[in-house]
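Colleague: Submitted below is the structure of interest, expressed as structure tokens.
The values are calculated or read from the model by the stated rules, or taken from the named source; none is laboratory data. Every value quoted in this text rests on a predicted model; they were computed, and no experiment measured them. Every residue, glycine as well, gets a Cβ built from its backbone with ideal geometry; the counts of neighbours run over all protein chains shown. Accessible surface areas use protein heavy atoms only, side chains included; no ligands, DNA or RNA. Shrake-Rupley method; radii C 1.70, N 1.55, O 1.52, S 1.80 Å.
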Amino acid sequence: MIDRRKFIGRITAAGALSLVPRIVKSETIFSSATVDTNSLPVIISTWNHGLDANEEAIRVLNDGNSIVDAVEQGVWIPEADPKNMSVGLGGFPDREGIVTLDASIMGPDGNAGSVCFLENIVHPISVARLVMDKTPHVMLSGSGALQFALENGFKKENLLTPEAKKAWKKALLKHDYEPHPNWENEPNKFHDTIGLLGVDKNGNIAGACTTSGMGFKIRGRVGDSPIIGAGLFVDNEIGAATATGMGELVIKTVGSFLVVELMRNGRSPQEAVEEAVMRIVNKVPEHQKYQIGYIAVNKNGETGAYCLKPGFNYALYKNGTNSLIDSKSYYK
Ligand code: ASP
């Protein structure tokens, strides 16, 4: 039932921006906030795989689809890429050699869906979307999530590529199961999630987050990415946030919810992500061993990004330009 169309879209025209700020009411019935739409739409996502995901999200939006469609289909790109060893097909397996996926999605209506510990499905984000759209629940896990996916027309596929299998076999020889910061920048990447946030031209907000989690993790381990409020949070009146890095630190501080609440209390997206990283610095003694990156966007399309240690980057589509930007970090 999921349309596996080819991901061939590219951004079309950037769209001429009016010099006069366009102030409109948000279209959804869930928010009455006034929005400065002058720099909308905006798409922001984690790491360099975000560049292609942003382009696809914008293409989907420009085709007249919803912001939820845009964030979902944007992250299809890394999910379906076998060369991407941290998301979907081709992701590193757990220490038993089995690829298990976590994903979550949230829309402007406050609805949310997620899956965790899901095997054999290339697009966990679309299973999460179906949980959100078609069930009264938020999260399905493991074999139940797989059963739900298969019953709804998803195809069972082998996600373990020869490259990921080779890396797993090598890791088995020496891996200490102790995660290291910025693995994602090493040639043999161990983890990095795509979290993608979007605001459409009317100020409606959605987010998607999908990952194979930490490479060679203990079987059954679930990270922050499928946990609403930890790896992803959207409030259509305020903004959205998503996280990457050592998920346990994000879960312990309910990171994405914290960022959005800080924005609700008047912080800019940048101030909010910096404070959420500070929360980890102050509350999680073992944080120095790890990397964490947050990105955030508010209803007007202002963005923020911050991380614990140098090395985190993010892709930002704004005012018709898609660029990769190095995040500022707490430690230098
Ligand atoms: N946050 C993900 C997890 O802990 C991994 C990552 O973003 O690198 O599963």
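Colleague: Applying the selection to the range 127-161, what residues are in contact (Cβ under 8 Å) with a residue 60 or more places away in the chain and either farther than 23 Å from Arg219 by Cα or aromatic (Phe, Trp, Tyr) (or both)? Let's see the steps before the verdict.
Modeller: Start the filter on the range 127-161 by keeping residues that are in contact (Cβ under 8 Å) with a residue 60 or more places away in the chain, which leaves 128-129, 138-139, 141, 152-154, 157, 159-161.
Arg129, Asn152, Gly153, Phe154 - these are the residues of the range 127-161 that are in contact (Cβ under 8 Å) with a residue 60 or more places away in the chain and either farther than 23 Å from Arg219 by Cα or aromatic (Phe, Trp, Tyr) (or both).
Colleague: Can you tell me which residue in the range 281-332 is surrounded by the most Cβ atoms within 10 Å (Cβ to Cβ), limited to those that are within 13 Å of the ligand (Cβ to nearest atom) and β-branched (Val, Ile, Thr)?
Modeller: Ranking the candidates gives Ile295 first.
Colleague: While we're on this one: Those residues that are open to solvent by 100 Å² or more (accessible area, probe 1.4 Å) and either in a helix (DSSP H, G or I) or within 20 Å of Glu72 (Cβ to Cβ) (or both), I need them from the range 157-168; list them, please.
Modeller: Start the filter on the range 157-168 by keeping residues that are open to solvent by 100 Å² or more (accessible area, probe 1.4 Å), which leaves 158, 163, 166.
Matches in the range 157-168: Glu163, Lys166.
Colleague: Something else now. Are any residues in the range 289-303 within 18 Å of Ile194 (Cβ to Cβ) and not hydrophobic (A, V, I, L, M, F, W, C), and if so, which ones? Talk me through it step by step, then tell me what you get.
Modeller: So the first thing to find is which residues in the range 289-303 are within 18 Å of Ile194 (Cβ to Cβ), and the list is 291-297, 303.
If the condition is that a residue be within 18 Å of Ile194 (Cβ to Cβ) and not hydrophobic (A, V, I, L, M, F, W, C), then Gln291, Gly293, Tyr294, Thr303 are the ones that fit.
Colleague: Restricting to the range 255-274, name every residue that is within 24 Å of Gly50 (Cα to Cα) and more than 16 Å from the ligand (Cβ to nearest atom). Please lay out each step first, then the result.
Modeller: First, pick out the residues of the range 255-274 that are within 24 Å of Gly50 (Cα to Cα): 255-260, 263, 268-274.
Matches in the range 255-274: Val260, Met263, Ser268, Pro269, Gln270, Glu271, Ala272, Glu274.
Colleague: Can you confirm whether the range 36-47 contains a residue that is in contact with a His (Cβ under 9 Å, 6 or more places away or on another chain) and modelled with pLDDT under 90?
Modeller: Checked against the condition, which is being in contact with a His (Cβ under 9 Å, 6 or more places away or on another chain) and modelled with pLDDT under 90, the range 36-47 yields no hits at all.
Colleague: Among the residues in the range 169-180, are any within 16 Å of the ligand (Cβ to nearest atom), closer than 19 Å to Ala128 by Cβ and either at pLDDT below 95 or not hydroxyl-bearing (Ser, Thr, Tyr) (or both)?
Modeller: no
Colleague: Only one of (1) touching a residue at least 40 places away in the same chain (Cβ under 8 Å); (2) under 16 Å from the mean Cα position of the chain (by Cα) is not met by Met278, so which one is it?
Modeller: Of everything listed in (1) touching a residue at least 40 places away in the same chain (Cβ under 8 Å); (2) under 16 Å from the mean Cα position of the chain (by Cα), Met278 misses just condition (2).
Colleague: Suppose we filter the range 189-219 for residues that are at positive phi and away from the ligand (no atom under 13 Å from the Cβ); how many remain?
Modeller: Of the residues in that region, 1 qualify.
Colleague: Mind checking which residues of the range 234-247 are free of Cβ contacts under 8 Å to residues at least 60 places away in the same chain and more than 7 Å from the ligand (Cβ to nearest atom)?
Modeller: Within the range 234-247, Ala241 is the sole residue that qualifies.
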